[in-house]
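Notes to accompany the following structure.
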Amino acid sequence: GDDDPDDEFSRGFAFDRDFDAGMVLFDQVLGSVNAATHALLTDPENAGQPPRGVDGAINEGQVRSAFFLQPVLVGKPLPFLELKGGALFAWDAVEHRQGFYSFRAGGSARNHHDRAPSDRMLGTELDWAVTIGGDLPFKAETAPKLNLAAVIQGGHLFVGGALAATDEGPEMINHVQITGRFRW
């Protein structure tokens, strides 16, 4: 995927799909953008035949050709309580392009809103998680070790210039999730 493999810079790279970077930007927003791009490229109203390799547009939130910083703090103030907080700062390694709209614009960079990206900043995300629970106390030596917990987590994305729909300032996308967890 590198546009110039001989220039000593790698611009086309991807992380493992299960590598977690933030909670909202890659998993939710860019995963949805790629799924919508696939739908546009395979729609018979837009093209008689989908381009070769169109299935590669679906990446399930995989980090591709982007770099990021993700500092995280973890604390356990009580034996049954774990707190996590972090931030994600992400940029595209190259000018952001959505396949369908960039192709229609003659190769000029366009995002999923059919707008020229104002910069390479994908966004800034603030993430947090609270886990309440722990090992269940069983006295029998042959009893399995059981763990019961509730996890509440959230992510708040301030959309960067590469993905922005307007020039009016940062858009915010929020995601909150509550999970029950039982392990043995």
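Matching residues to (1) open to solvent by less than 30 Å² (accessible area, probe 1.4 Å); (2) among the β-branched types (Val, Ile, Thr):
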position: LEU40; (1), (2): no, no
position: GLU45; (1), (2): no, no
position: GLN49; (1), (2): no, no
position: VAL54; (1), (2): yes, yes
position: ILE58; (1), (2): no, yes
position: ALA66; (1), (2): yes, no
position: GLN70; (1), (2): no, no
position: LYS76; (1), (2): no, no
position: LEU81; (1), (2): no, no
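The set of residues from the stretch 38-67 being of a type in the set (S, T, N, Q) and either over 16 Å from the mean Cα position of the chain (by Cα) or modelled with pLDDT of 85 or more (or both) comprises THR42, ASN46, GLN49.
Would you check if there is a residue in the stretch 98-110 being touching a Phe, Trp or Tyr at 6+ places or on another chain (Cβ under 7 Å), within 20 Å of THR166 (Cβ to Cβ) and at pLDDT 80 or above? Yes, the stretch 98-110 contains at least one residue that is touching a Phe, Trp or Tyr at 6+ places or on another chain (Cβ under 7 Å), within 20 Å of THR166 (Cβ to Cβ) and at pLDDT 80 or above.
Looking across the stretch 20-50 at every residue that is hydrophobic (A, V, I, L, M, F, W, C) and not in a helix (DSSP H, G or I), the one that is farthest from VAL159 (Cα to Cα) is identified as ALA47.
Could we say that LEU148 is at pLDDT 85 or above and in contact with a His (Cβ under 9 Å, 6 or more places away or on another chain) here? When the stated conditions are applied, LEU148 does not pass them.
Among the residues of the stretch 144-181, those that are acidic (Asp, Glu) and open to solvent by 70 Å² or more (accessible area, probe 1.4 Å) comprise ASP167, GLU168. Considering only the stretch 96-140, state which residues are open to solvent by 50 Å² or more (accessible area, probe 1.4 Å), over 25 Å from the mean Cα position of the chain (by Cα) and aliphatic (A, V, I, L, M). ILE132, LEU136, ALA140 - these are the residues of the stretch 96-140 that are open to solvent by 50 Å² or more (accessible area, probe 1.4 Å), over 25 Å from the mean Cα position of the chain (by Cα) and aliphatic (A, V, I, L, M).
The values are calculated or read from the model by the stated rules, or taken from the named source; none is laboratory data. Bear in mind that the values here come from a model prediction, so they are computed numbers and not experimental data. Cβ atoms come from the backbone with ideal geometry, glycine included; neighbour counts cover every protein chain shown. Ligands, DNA and RNA are stripped out before the accessible areas are found, and what is left, the full protein with its side chains, is counted by its heavy atoms. Shrake-Rupley method; radii C 1.70, N 1.55, O 1.52, S 1.80 Å.
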